[in-house]
Amino acid sequence: MELTFTLGARLVGVPEGRDAAVLRAHIANVGNFLRYLSLLLGTLGEGSFLESDTGGEGQWLRSLGDGTTSLLEPMVRALNLESGELDEIGRLIERLDDPAGNETIVPKDFLALWKSFEPLITRKRGRR
């Protein structure tokens, strides 16, 4: 008989910023960042942009500069559903900032897109 279990434990005495440093180590490049967003936003229902490499009629497929599919459509869907994915993306962007002042791995094109969503997210959060 095989038994599997998990143990919830609180780690005490860790240096400040450790969690963010571990996150930056795992999401160490633009590809990993975009894959993470794809996984996060890909759960928003049937017909997501992740299901095909080509856009159908009415689908927004704009390159993010590095050849990746635009995240505009799933981000608009997440904004409309108010399901928390965009809040998670905001926290991710903050945690990926390097305290040493090094450049973030978040693509500049994505940050420009994010700046247009940020005020909308804050406004919707205030209405809850």
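The values are calculated or read from the model by the stated rules, or taken from the named source; none is laboratory data. Values in this document were obtained by computation on a predicted structure and should not be read as measured data. Note: ideal-geometry Cβ built from the backbone for every residue, glycine included; neighbour counts use all protein chains shown. The accessibility values were calculated without ligands, DNA or RNA, using every heavy atom of the protein model including side chains. Shrake-Rupley method; radii C 1.70, N 1.55, O 1.52, S 1.80 Å.
Keeping all protein chains in the complex and leaving out DNA, RNA and ligands, what accessible area do you get for ILE27 with a 1.4 Å probe, in Å² to the nearest 10?
10
Report the label-to-label distance for MET1 and LYS115 in nanometres (one decimal), using points 7 Å from each Cα along the Cα→Cβ vector.
In this crude spin-label approximation the distance works out to 6.1 nm.
If I stretch the segment between ALA28 and ASP98 completely, what's the gain in nm (0.36 nm per residue apart, minus their alpha carbon distance), one decimal?
On the way: separation 70, 0.36 × 70 = 25.20 nm, distance 1.13 nm.
24.1 nm is the gain from fully extending ALA28 to ASP98.
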